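Notes to accompany the following structure.
The values are calculated or read from the model by the stated rules, or taken from the named source; none is laboratory data. For clarity, every value in this text was computed on a predicted model and none was experimentally measured. Methodologically, a virtual Cβ is constructed for each residue, glycine included, from the backbone with ideal geometry; neighbour enumeration extends over all protein chains shown.
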Amino acid sequence: MNVPSWVIVAAAVVIAIPCGWTLGVLAAEVIAGHDAGAFPVLTIPLGIAGAITFALARIAAPSTRLAILIIAFIAAALLT
């Protein structure tokens with residue numbers, strides 16, 4: 001069965017939101033330590049915007065972008 005590419009890109013955009021959130025929290029912990037305080041307010045929107053931009057950019061096949069975002073989300077969730 002052939003899945004249209006727009007469905008895969010839409011799924012990548014949906015997974016980009018929690019992926020970007022988790023990467024933003026991870027970035028705040030790396031920069032400011034475990035007691036980051038309000039610093040994630042700055043890094044979470046940047047993480048979400050970066051993840052959505054990656055999901056929509058045509059730098060790789062849609063299925064590759066989706067797989068990368070899923071792997072990044074799982075890895076960042078395990079690290080935080």
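Quick notes
- Some residue of the range 68-80 being modelled with pLDDT under 90 and among the hydroxyl-bearing types (Ser, Thr, Tyr): yes
- Filtered by the rule that a residue be under 15 Å from the mean Cα position of the chain (by Cα) and more than 13 Å from Ile15 (Cα to Cα), the range 51-60 gives a lone residue, Ala57.
- Every residue from the range 61-80 that is more than 15 Å from Ala10 (Cα to Cα), surrounded by fewer than 17 Cβ atoms within 10 Å (Cβ to Cβ) and among the hydrophobic types (A, V, I, L, M, F, W, C): Ile71, Ile74, Ala75, Ala77, Leu78, Leu79
- Tallying residues that are of a type outside the set (Val, Ile, Thr), out of contact with any helix residue (DSSP H, G or I) (no Cβ under 8 Å at 6 or more places or on another chain) and closer than 12 Å to Cys19 by Cα within the range 43-77 yields 2.
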